[in-house]
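Have a look at the structure below before the remarks.
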Amino acid sequence: MNVADLKVLLTQNVGLQVDDHGTFITSVWKISDKVQKQIVFFPDDETKLVYVSIRFEERCDDPGFLAALLRENLKLSVVKFCMDKDGRFMALAELPDDFVSDDLIRRALYGLYTAAGRFQELLAAATGAR
């Protein structure tokens, strides 16, 4: 899937307001009254996947928090917690090019929303316990 086709799908079928950056697309999403996250949509021709992700600015190296994130990966479908190359936490969905549809993108967005909420809950529990 190319960026132009993905942009049409996101704007016309899913109803998102997006910014086209040439090789990837972003959209700002209000998760709660206090939290806004940027969602990145990146179609990769090499892997034939569309990556949908949000990055968390918060950092925490508490072993209990890290273990809790890994346990969450077992509960979440479509979306998984991981770290980017800079060591920042992310929630990431990998969608096969051949199956990308408005319904699958909506499921990925719901998964990201759920993951963002769980991330904040787990972080509060880890930092509040100190």
| Given the conditions (1) under 21 Å from residue 7 (Cα atoms); (2) loosely packed, with under 12 Cβ neighbours inside 10 Å; (3) not hydroxyl-bearing (Ser, Thr, Tyr), which single one is not true for residue 24? | (2)
| field | Number of the condition not met by residue 11 [criteria: (1) touching a Ser or Thr at 6+ places or on another chain (Cβ under 9 Å); (2) surrounded by 13 or more Cβ atoms within 10 Å (Cβ to Cβ); (3) over 21 Å from residue 89 (Cα atoms)] | value | (1)
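Can you work out which of the residues in the range 1-33 that are assigned to a loop (DSSP other than H, G, I, E, B) and under 19 Å from residue 114 (Cα atoms) is nearest to the chain's Cα centre (by Cα)? Steps first, answer last, please.
So in the range 1-33, the residues assigned to a loop (DSSP other than H, G, I, E, B) come out as 1-2, 15-18, 21-24, 31-33.
Checking the rest, the ones that are also under 19 Å from residue 114 (Cα atoms) come to 16, 31-33.
Values: 16: 15, 31: 12, 32: 15, 33: 19 Å.
Selected residue: 31.
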| Residue in the range 73-100 that is farthest from the chain's Cα centre (by Cα), counting only those that are in a helix (DSSP H, G or I) and touching a residue at least 12 places away in the same chain (Cβ under 8 Å) | 98
| remark: Exception for residue 70 within (1) loosely packed, with under 12 Cβ neighbours inside 10 Å; (2) assigned to a loop (DSSP other than H, G, I, E, B) falls at (2)
| note | Quick count over the range 34-60, residues being at pLDDT below 90, assigned to a strand (DSSP E or B) and surrounded by fewer than 17 Cβ atoms within 10 Å (Cβ to Cβ), is 1
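The values are calculated or read from the model by the stated rules, or taken from the named source; none is laboratory data. All figures in this text were calculated on a predicted structure; none of them were measured in a lab. Reconstructed Cβ throughout: ideal geometry from the backbone, glycine too, with neighbour counts over all protein chains shown.
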